[in-house]
Amino acid sequence: MQWTSIVAIYGLFWVLSAFLVMPFGMRTVEDEGHHKVPGTVESAPAQFRPGRIALRATVLAAILFGLFYANYVYGWIGVESLNFFGKPPETEG
């Protein structure tokens with residue numbers, strides 16, 4: 001696998017991980033006991049911490065990419081493992 005492919009696939013895993021970890025640990029303004037500013041959404045976080053989200057996403061993306069790369073090297077799950085509908089019908093040609 002080329003290094004550019006590794007960077008691109010890791011980037012995809014990182015973005016996926018960022019969206020997965022973003023809601024965890026979020027506390028709203030009401031949870032913190034502060035006054036809600038008019039015009040803000042009720043689900044808006046009281047303190048948005050992008051550094052913490054980036055760190056969590058980096059760790060999760062590294063784990064997921066490690067599993068992906070190990071599967072790439074050792075071939076645990078291949079295309080033939082994902083055939084849920086049986087053998088395709090023969091085509092005449």
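The values are calculated or read from the model by the stated rules, or taken from the named source; none is laboratory data. Just so we're clear, the structure is a prediction, and the values are computed from it rather than from any experiment. Reconstructed Cβ throughout: ideal geometry from the backbone, glycine too, with neighbour counts over all protein chains shown.
If we scan the range 12-19, do we find a residue that is more than 24 Å from Val73 (Cα to Cα) and of a type outside the set (S, T, N, Q)?
Looking for residues that are more than 24 Å from Val73 (Cα to Cα) and of a type outside the set (S, T, N, Q), one finds at least one in the range 12-19, hence yes.
I want to confirm something. Restricting to the range 27-53 and keeping residues that are farther than 30 Å from Leu67 by Cα and charged (D, E, K, R), which single residue is surrounded by the fewest Cβ atoms within 10 Å (Cβ to Cβ)?
Checked the range 27-53; the qualifying residue surrounded by the fewest Cβ atoms within 10 Å (Cβ to Cβ) is Glu42.
List the residue pairs whose Cβ atoms are under 7 Å apart, where the first residue sits in the range 24-37 and is on the phi < 0 side of the Ramachandran plot, the second is loosely packed, with under 11 Cβ neighbours inside 10 Å and at pLDDT below 90, and the two are 6 or more positions apart or on different chains.
Matching pairs, first to second residue: Thr28/Glu42; Thr28/Ser43.
Regarding the range 65-75, can at least one residue be identified that is at pLDDT 90 or above, loosely packed, with under 10 Cβ neighbours inside 10 Å and part of a loop (DSSP other than H, G, I, E, B)?
yes
How about the range 7-26: which of its residues are in a loop (DSSP other than H, G, I, E, B) and either surrounded by 11 or more Cβ atoms within 10 Å (Cβ to Cβ) or charged (D, E, K, R) (or both)? Full working, then the answer.
First pass over the range 7-26, keeping only residues in a loop (DSSP other than H, G, I, E, B): 22-26.
Residues satisfying the conditions are Met22, Gly25, Met26.
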